[in-house]
Amino acid sequence: RILAYGTRMQELQDYLWHVIVGSMNRNENMLRELAAANPKIILHKNILDMWRYMQQCEAAVSAGGTTLLELCACGIPTVCFAFADNQLEFAEEMAEHNLLIYAGDVREKDDAPHVICENLVCYTKDAGKRAQSFSASSTTNCGVHRSEGISARRRAATMPCAIACCWRKTPSSF
């Protein structure tokens, strides 16, 4: 729903959506249909170098969890959401430290795609907000050494949810 909404938003029309999908993702078929219908959605499955994708993206959307630490370690401005009880406290705490924008618990919001995408627009339009997020993650290091972002590649194959990274154009290294 986030991709379908975001790709229709005027403010995000210049962006490509690189979606990283793990083998346990229950929505893969739906994501493939969306990607087939929209050339701005590019799926990547079971990648081994997720840290490289993270380091090159302009902003990211992700569910709460350890992926947030990896995005933070890479200095990526992130909009996150929770869809499980065990994600709530961690996502809220990271937002309190200005490490990301927390869009809330999607189980409680009918307008979750709108809220998430509007917050993503906040990063894409406001270089100061992106810099603030990057600065906060650089200062605190999110409790993770930047090189540990490489651990993302070990978890990518079993990731149950997708992470969407946005670029104005396709990075030349992919």
Hand me the list of helices (runs of 4 or more DSSP H) wholly inside segment 56-132 holding 3 or more residues that are open to solvent by 40 Å² or more (accessible area, probe 1.4 Å).
85-96, 112-125
Considering only residues that are under 12 Å from Tyr15 (Cα atoms) and either buried (at least 18 other Cβ atoms within 10 Å of the Cβ) or charged (D, E, K, R) (or both), which ones fall in segment 38-55?
Lys40, Ile41
Report, by residue number, each residue of segment 21-37 that is touching a Leu at 6+ places or on another chain (Cβ under 8 Å) and either open to solvent by less than 10 Å² (accessible area, probe 1.4 Å) or assigned to a loop (DSSP other than H, G, I, E, B) (or both).
Val21, Asn25
Go through (1) more than 26 Å from Asn29 (Cβ to Cβ); (2) touching a residue at least 60 places away in the same chain (Cβ under 8 Å) one by one and return the number of the condition Glu89 breaks.
(2)
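The values are calculated or read from the model by the stated rules, or taken from the named source; none is laboratory data. Because the structure is a prediction, the values reported are computed rather than measured. No Cβ is skipped: glycine too gets one built from the backbone with ideal geometry, and neighbour counts run over all protein chains shown. The area values use the complete protein model at the heavy-atom level, side chains included, leaving out ligands, DNA and RNA. Shrake-Rupley method; radii C 1.70, N 1.55, O 1.52, S 1.80 Å.
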